[in-house]
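None of the figures in this text is laboratory data; all of them are computed from the coordinates on show. Here the structure is a predicted model, which means the values were calculated and not measured. Virtual Cβ from ideal backbone geometry, glycine too; neighbours counted across all protein chains shown.
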């Protein structure tokens, strides 16, 4: 069995530490990206809800306008 030179062992330890640090950094960055994604999804859901509420209000306004318009042009106003 051959022996591993001490310098080789040191290099392997450095390399293992380097990849451990890189893995940790990547995991931290991934967690930050996931938090940002979740935040953006919440913002999008809030905006979708606001748009739906505004659409309903505009549709109600349009129905009211059509009713007033129909009443006005029906001739009932002149009576």
Size-normalised alpha-carbon gyration radius of region 11-79, reference 2.2 N^0.38 Å: 2.68
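Efficiency by 1/(1 + (r/R0)^6): what FRET value for residue 20 and residue 49, r their Cβ-Cβ distance, R0 = 35 Å, to the nearest 0.05?
Working from the Cβ atoms, E equals 0.20.
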Distance (nanometres) between label positions extended 7 Å along Cα→Cβ at residue 28 and residue 11: 2.9
